[in-house]
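The values are calculated or read from the model by the stated rules, or taken from the named source; none is laboratory data. Worth saying up front: this structure is predicted, and the values here are computed from it rather than measured. Here Cβ is always computed from backbone atoms with ideal geometry, including for glycine, and neighbour counts include all displayed protein chains. SASA here: full protein model, heavy atoms, side chains in, ligands and nucleic acids out. Shrake-Rupley method; radii C 1.70, N 1.55, O 1.52, S 1.80 Å.
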Amino acid sequence: MAIAEPPIRIEDAPLNAVRVDDVQLDITLEQLKKLVSPRALTGETMLLNMGPQHPSTHGVLRLLLELDGETIVSCIPDIGYLHTGIEKTAEGKTYLKVIPLTDRTDYLAPMSNNLAFCGAVEKLVGIEVPIRAQYLRVILMELTRMNSHLVWLGTHALDIGAMSVFLYCMREREMILDIYEAVSGARMMSSYIRPGGLWRDVPAHFPQLVQRVLDVFPGRILEYEKLLKENPLWKERTVGIGKISAEDAIAWGMTGPCLRGSGVNYDVRKAQPYSSYDHFDFSVPLGSNGDVYDRYKCRMEEFNQSLKIIRQAMKRLPPGPVMTDDRKVAPPPKHEIAYSMESLIHHFKLWTEGFRAPEGEVYFAVESGKGEYGVLLSGDGSPKPRRVHFRAPSFHNLQPLSEISKGALLADIVAIIGSIDIVLGDVDR
Amino acid sequence: MSQSLSELLKSALGDAISQVTVFRDEVTLHVPRERIIEVLTHLRDVQQFNMLTDETCVDYYPREPRFGILYQLYSIPRNIRVRVKVMLSEYDASIPSAVPVYRNANWLEREIYDLFGIHFEGHPDLRRILLPMDYQGHPLRKEVPVTVEENAFSFNRARIDATKPYATE
Amino acid sequence: MGLEQKLGDMGIVTTSLEKAVNWARSNAIWPMLFGLACCAIEMMSTQASRYDLSRFGMELMRASPRQSDLMIVAGRVSRKMAPVLRNLYDQMPDPKWVIAMGDCASCGGVFNNYAIVQGVDEIVPVDVYVAGCPPRPETLIDGIMKLQEKIKHEPLKKWQ
């Protein structure tokens, strides 16, 4: 595997090697045959390709299904159809300029990704964040969680056949996107959270916008539950489907509602509080069976808990700055740039060259809507990171799909994919 | 907290770990390649680190040994994190697979193999995962340039048309 | 709309065949249900409650390329996805159109790296480019209406 090795020529390749046109692949046919059962090779079971263009795969996931009648014998996920190379592009940018890239990994929860990356940078450089910025971050994080869960609920219900829930969810999501737009100027890709605090303070009508969400949402959640919770069609498709035990879920590295649906009490907000989450009183909803229905119930309860946190944070939102006064990472205030030459130069340097981070590795995790979203950041003393690795929750939650779906029916796989709530931008990065 | 943890792990693992570093309150155990499975098994079974949160590779070019494989472990019962680090030489970039210890290392190691070209001995299904099967090379190594296209922004249509391979019907 | 002459009070309308066909084509475009990345979420928003694309006669998303006229490339196209995308395009029946939605589909956007195709026009011919990262729903609607304008002025011969 060393670089010095000459490439294998076609003539020298082993006889059973796989060839695509004239390119020699480093896998063999034997290796590919191992993926399916021997019955598939004799034609007893059927191989069915699902995706990458399929309405219920939530993006460009491809599944190779081996079917015995309608029962799934094995399921081989094939990912990478949205591989964006974000980690490589991040190596060529300064720390500040990586933030817009993080928006585009899990594009349903951009603020969580911003916070995970900024938290890692703050840890690496050693920056304290003002308390007002921390509280605003909490409010925005919880709104982001609701945003992520709304898209999950809408698409999951749409896959199973409840069309109206999708339209309701997208209607409510617009209220959250309005808040995003008010604070950052963009509907989806906010890049609002910066190392050291926030880009700017929230606008004056921010409390009214949040209050509208707080007033409207509890009724809307009841509306969704009325449509789904006791609906016999919904329960038929979800109860007892896609079960995973607590031990298996931990061993597969699942996090978020998928893990909590199996009854494991692990939430990064509680276990290792960041951004002053320990100032707020909330509970972590847990399931017991680990099936699709329990994951649904966990997420629905998380709506209420998010509202509870937002309500507390809005009530106790302290005044003060939203950006650290450490001039190493924070730009000088605008009025200072107007009359101070040093500030102008400093601002220019900060935006072109960036700030330097020390050599070393840090890991910082936040609880995004999908699970533990971690950033492993390796600095090398220069203004650009040596390596940024995103610990994507969807990647880990998707991996046990082959085990969860074994023995399920073909129609159930749609429900299972919906319930583990993957975003392909997050899986492939 | 992290100091006591590092002392504890140092005494428990003995000479299996070559060095323990604490940076920003995070404990990193440096382990030689031959003993990685032993260390991971101990951490999982005795020290209750039951979740492999993340496994990735860092390219420390131009240092030698060049590649660092990082295992980020988390213990749900003890609520602590630890990182295990193995350094690999460019000319002998292979390491025993962690799949027998942690199941979810499967895709993570396939990703590292795909992007860095590290070989994992005993991995059950070592194929490319993110890139197309016929891709040549390993793009996250430092010798691969970050960008692929020069002058991405130009209003000179003639220049764009001359270089851009447009599709036809 | 292409009405040129009205004969007497019998309600007969004469127009050129080209205009009649283009009028019909432009107001019943069936897009393919095909999302790639972030822009696909905005494409969903465009169809959903607030923006409601069906006001413009194109609410009917088809999951099969065989039944669709318009491919909205919503998001970045990776090199692994590129052959799949071309395959889908080839399966669509003529006449067919392509909208490159967003910066990544138009020119690669911020992702100038090994994994992303630098503009989907390297794979399929594009009719309308919609700028934005991701474009707002209004921008996408504007792009679709630009495409309608374009279809209205297309010679019929092109799709023979």
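Some points to look at:
- Cα centroid of the range C:81-160 to Cα centroid of the range A:264-298, whole Å: 42 Å
- Debye log10 I(q)/I(0) for chain B, one point scatterer per Cα, at q = 0.12, 0.21 Å⁻¹: -0.62, -1.43
- Per-residue HN-Hα couplings for the range B:11-27 [Karplus 6.51, -1.76, 1.60; θ = phi - 60°; Hz; x = Gly/Pro]: 6, 6, 9, x, 7, 5, 10, 7, 6, 10, 10, 10, 10, 6, 6, 10, 8
- Phi-based couplings in Hz for the range C:62-69 (Karplus 6.51, -1.76, 1.60; Gly and Pro marked x): 10, 6, 9, x, 5, 10, 10, 10
- Whole-number Å³ per residue for the convex hull built on Cα positions in the protein assembly as shown: 205 Å³
- Computed over chain A, the per-residue total of -39500 (n - 2.57) for DSSP H runs of n ≥ 4 gives a 222 nm mean residue ellipticity of -14500 deg cm²/dmol, rounded to 500.
- Candidate lysines - alpha carbon under 19 Å from A:Lys34, same-chain residues fewer than 8 apart omitted: A:Lys406
- Taking N as its residue count, the alpha carbon Rg of chain A over 2.2 N^0.38 Å: 1.08
- Chain pair B, A: total accessible area buried, heavy atoms, 1.4 Å probe, Å²: 5100 Å²
- Summed side-chain charge close to A:Leu409 - residues other than A:Leu409 whose Cβ falls under 13 Å, Lys, Arg +1, Asp, Glu -1: -2
- Neighbouring partner chain Cβ atoms per residue of C:134-140, average, 10 Å criterion: 2
- Working from Cα pairs under 8 Å separated by at least six residues, relative contact order for the range A:82-175 is 20 percent.
- Within 10 Å of the Cβ of each residue in A:153-165, the mean number of Cβ atoms contributed by other protein chains is 0.
- Taking the accessible area of chain A, probe 1.4 Å, and keeping the other protein chains in place, the carbon and sulfur fraction comes to 56%.
- Karplus (6.51, -1.76, 1.60) ³J(HN,Hα), θ = phi - 60°, over the range A:344-359, in Hz, Gly and Pro reported as x: 4, 5, 4, 4, 4, 4, 5, 7, 8, 8, x, 9, 9, 10, x, 6
- When the alpha carbon coordinates of the range C:77-160 are projected onto the principal axes, the ranges are 40, 29, 15 Å, largest first.
- Normalised by the number of residues in the range A:368-429, the mean separation of alpha-carbon contacts (under 8 Å, six or more apart) gives a relative contact order of 32 percent.
- Among C:Leu147, C:Leu85, C:Leu17: highest mean-square fluctuation, GNM of chain C, C-alpha pairs under 10 Å: C:Leu17
- Shielding by partners - mean other protein chain Cβ count within 10 Å, residues of A:55-65: 3
- Extending 7 Å from the Cα toward the beta-carbon at both A:Met163 and C:Ser16 defines two label points whose distance is 3.9 nm.
- Approximate spin-label separation C:Asp94-B:Thr41, in nm, with each point projected 7 Å along Cα-to-Cβ: 6.6 nm
- Percent RCO, i.e. relative contact order, over chain B, from Cα pairs under 8 Å lying at least 6 residues apart: 15 percent
- Solvent exposure of the protein assembly as shown as accessible area per residue, Å², 1.4 Å probe: 39 Å²
- Members of the range B:8-42 that become less accessible by 40 Å² or more once partner protein chains are added (1.4 angstrom probe, chain alone as reference): B:Phe23, B:Arg24, B:Glu26
- Size estimate for the range C:1-130 follows the Kirkwood approach: the inverse of mean 1/r over distinct Cα pairs works out to 16.2 Å.
- Chain pair A, C: total accessible area buried, heavy atoms, 1.4 Å probe, Å²: 2900 Å²
- Three-way shape label, the range A:24-84, alpha-carbon gyration tensor, a/c 1.5: oblate
- Of all accessible heavy-atom area on chain B, the percent that carbon and sulfur account for (1.4 Å): 53 percent
- Every pair of different Cα atoms in the range B:28-115 enters the Kirkwood calculation, which places the hydrodynamic radius at 13.2 Å.
- Cut-off 15 Å, label 7 Å out along Cα→Cβ of C:Leu60, residues of the range C:17-37 by amide N: C:24-33
- Ranking A:Tyr135, C:Met61, B:Ile36 by Cα position along the charge dipole of the protein assembly as shown, where only Lys, Arg, Asp and Glu carry charges on their C-beta atoms, puts A:Tyr135 farthest toward the positive end.
- Cα centroids of the range A:92-161 and the range B:51-68: 26 Å apart.
- Near the amide H of B:Met51, within less than 5 Å, lie the amide hydrogens of B:Tyr74, B:Ile76, all on another chain or at least 5 residues away, with H placed in the peptide plane.
- Global size of the range A:210-257 as Cα Rg and Dmax, reported in angstrom: 16.0, 41
- Estimated translational D of the range A:295-364 in µm²/s (Stokes, Kirkwood radius over Cα pairs; 20 °C; 1.002 mPa s): 131 µm²/s
- Distant-in-sequence amide H partners of A:Glu372 (H built 1.01 Å from N, under 5 Å): A:Thr255, A:Gly256
- With all pairs of different C-alpha atoms in the average, the Kirkwood value for the hydrodynamic radius of the range A:355-414 is 14.0 Å.
- Structure note, pairs A:Lys297/A:Lys384; A:Lys88/A:Lys370; B:Lys164/C:Lys150; A:Lys33/A:Lys384; A:Lys229/A:Lys270: Cα-Cα distances above 32 angstrom occur for A:Lys297/A:Lys384; A:Lys33/A:Lys384.
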